[in-house]
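Worksheet: one structure, shown below.
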């Protein structure tokens, strides 16, 4: 019997794509994000889409004047990202593990866009994901999080998510919840299973992190 593939590696997701089981892919931009973009609520800036898949939402943000970086480590996803490229809405495509992004990207994004990436990662790595978002955002940047699936089913992916977990993870990193909404324009099969959360990043996450590390180092060097 073959060993099950690990969700932490690209081979798992390449098999999903090749088997036509990419159920998270809606075939076009998410209606909720399109509404946000047309509202003018969020001025164009630099946005990173983590676990971008085929890039429908990434391209939609680019069409509205955003400078977009789309990240995915599955070769099939990256192939489709390139094949579906819109010359009128160019995006930067990175084939990379989100947890191994270079530190040169720290504090370079005005926005992090999240939809169906958090639910796909191995749940023990969720704190690591929250750290990643905090590192990528500029001080005071915006985390746009369409949380799905909000239920308590066993197994995955997608793995179940609770709002309490989200609030705990990002609150511990100094994020402020600006908005919480149960969308009425979710696709029918996800209606009631997702919420839109808008967070503001702290002004000095990396400085605070460095300060905490320095304090720990000082404590460990103290005698007795």
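Results, tabulated for the structure shown:
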| item | result |
| --- | --- |
| Efficiency of FRET from Cβ geometry, residue 11 and residue 39, R₀ 25 Å, rounded to 0.05 | 0.05 |
| Fully extended contour minus Cα-Cα distance, from residue 185 to residue 99, at 0.36 nm per residue | 27.8 nm |
| Fully extended contour minus Cα-Cα distance, from residue 162 to residue 204, at 0.36 nm per residue | 12.4 nm |
| The chain: relative contact order as a whole-number percent, Cα under 8 Å and 6+ apart | 16 |
| Over the chain, equivalent-ellipsoid semi-axes from the Cα gyration tensor in Å | 28, 22, 19 |
| FRET efficiency for residue 86 and residue 151, using Cβ-Cβ distance with R0 set to 35 Å, rounded to 0.05 | 0.55 |
| GNM result for the chain, Cα springs below 10 Å: residue of 18, 95, 195 fluctuating most strongly | 18 |
| Hydrodynamic radius by Kirkwood, which averages 1/r over all alpha carbon pairs of region 36-92, in angstrom | 11.3 |
| Alpha carbon centroid spacing (whole Å) that separates region 1-63 from region 122-197 | 15 |
| Sum of -39500 (n - 2.57) over DSSP H runs of 4+, divided by residues of the chain (222 nm, nearest 500) | -9500 deg cm²/dmol |
| Max mean-square fluctuation residue, GNM over the chain, Cα-Cα springs under 10 Å, options 33, 42, 167 | 42 |
| Equivalent ellipsoid semi-axes, region 98-150, via Cα gyration tensor eigenvalues times 5, rooted, Å | 19, 14, 8 |
| Scattering profile of region 44-145 at q = 0.12, 0.19, 0.22 Å⁻¹ [log10 I(q)/I(0), Debye over alpha-carbon scatterers] | -0.35, -0.90, -1.20 |
| Choice from 105, 81, 137 with maximal GNM fluctuation in the chain (Cα, 10 Å cutoff) | 105 |
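Every number in this text was worked out from the coordinates using simple rules, so none of it is lab data. Everything numeric in this text was worked out from a predicted model, so none of it was measured. Quick reminder, even Gly has a Cβ in these numbers, built from the backbone with ideal geometry, and neighbours come from all protein chains shown.
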